[in-house]
Amino acid sequence: MSLNSRISQHVSPSSSHPMLSLRFFCSVLFSFPLDLPLFVLLVVEIVDRYDSECVPGAFRGNKVSFIKDSSLPKNCSRILKVRKHMKAPIYIYYQLDNYYQNHRRYVKSRSDQQLLHGLKSSNTGSCEPEESNNGLPVVPCGLIAWSLFNDTYTLIRGTKKLSINRKNIAWKSDRDRKFGKQVYPHNFQNGTLIGGGKLDPNIPVCIDSLLLVISLLFP
């Protein structure tokens, strides 16, 4: 199966050249005379360096000024093609290289108690500077949630758009133990500086698989 992948990617200045990697996985089942099944994993990896292509020519010598100019759009679309035939189900692994979110202040900027109890929890001191906004608490608070991954991608075969199932990408045990079923986003991304993706205030945090995965990366 041939796929075209269209990725909208926010551009960030980096001297170490940001790279986008897409990996497609599918399992092929073979059956032998002894009825012993054997699974073979087919992997297709596509790597795309976008730090030059996603910056207008006039700014390629000064990418920081491009990022700081709020009057210029920062979205960038890349079209990548998978040149091998793959059978469903296909699993996609999306990876960004040369982005480092391991600063001590960043990884501690969260509240496990708030993710579990919502507005009932006042244990949010570690979430600064994203603890509150306009005098109201932010749920989920902290820099980890604030910088929620907001890239988008679409898979197309020929002219047909393929559906992508993003459900249940986090372990059920983590969803049940670490995220409250009655905890809803509140006052999230309402400040003057937007860090990443937005959350639907009508959907509990335990349902948003992407938020769960991002939060669990920094336990």
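Every number here is computed from the coordinates shown, using simple stated rules; none is lab data. These figures come from a predicted structure and were not determined experimentally. Cβ atoms come from the backbone with ideal geometry, glycine included; neighbour counts cover every protein chain shown.
Listing for the model above:
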| read-out | value |
| --- | --- |
| For the stretch 59-166: rounded, prolate or oblate by the Cα gyration tensor [a/c cutoff 1.5] | oblate |
| Karplus (6.51, -1.76, 1.60) ³J(HN,Hα), θ = phi - 60°, over the stretch 69-78, in Hz, Gly and Pro reported as x | 7, 6, 7, 9, x, 10, 7, 9, 10, 10 |
| In sequence order, calculated HN-Hα J values of the stretch 104-113 (Karplus, 6.51, -1.76, 1.60; Hz; x Gly/Pro) | 4, 5, 5, 5, 8, 7, 6, 9, 5, 5 |
| Under-5 Å amide H pairs with ASN133, H placed in peptide plane, nonlocal only | VAL138 |
| For CYS206, residues with placed amide H under 5 Å, excluding near neighbours | VAL183 |
| Peptides 43-53, 110-120, 180-190, 63-73 ordered by average Cβ neighbours within 10 Å, highest first | 110-120, 180-190, 43-53, 63-73 |
| Net length gained if the chain between ASN133 and ILE92 were fully extended (0.36 nm per residue, minus Cα distance) | 11.2 nm |
| Under 19 Å from the Cα of LYS87 - lysines, other chains or at least 8 residues apart | LYS160, LYS161 |
| In order through the stretch 196-208: 3J(HN,Hα) via Karplus (6.51 cos²θ - 1.76 cosθ + 1.60), integer Hz, x for Gly, Pro | x, x, 9, 10, 6, x, 9, 10, x, 4, 6, 8, 7 |
| Length gained when the stretch SER122-SER173 is fully extended (0.36 nm per residue, less Cα-Cα span) | 15.9 nm |
| Gain on full stretching of the segment that runs from ASP112 to ILE164 - 0.36 nm per residue minus C-alpha separation | 15.8 nm |
| HIS186 long-range amide H proximity, modeled H, under 5 Å | VAL139 |
| Cα gyration tensor shape for the stretch 93-147, rounded if a/c is under 1.5, else prolate or oblate | prolate |
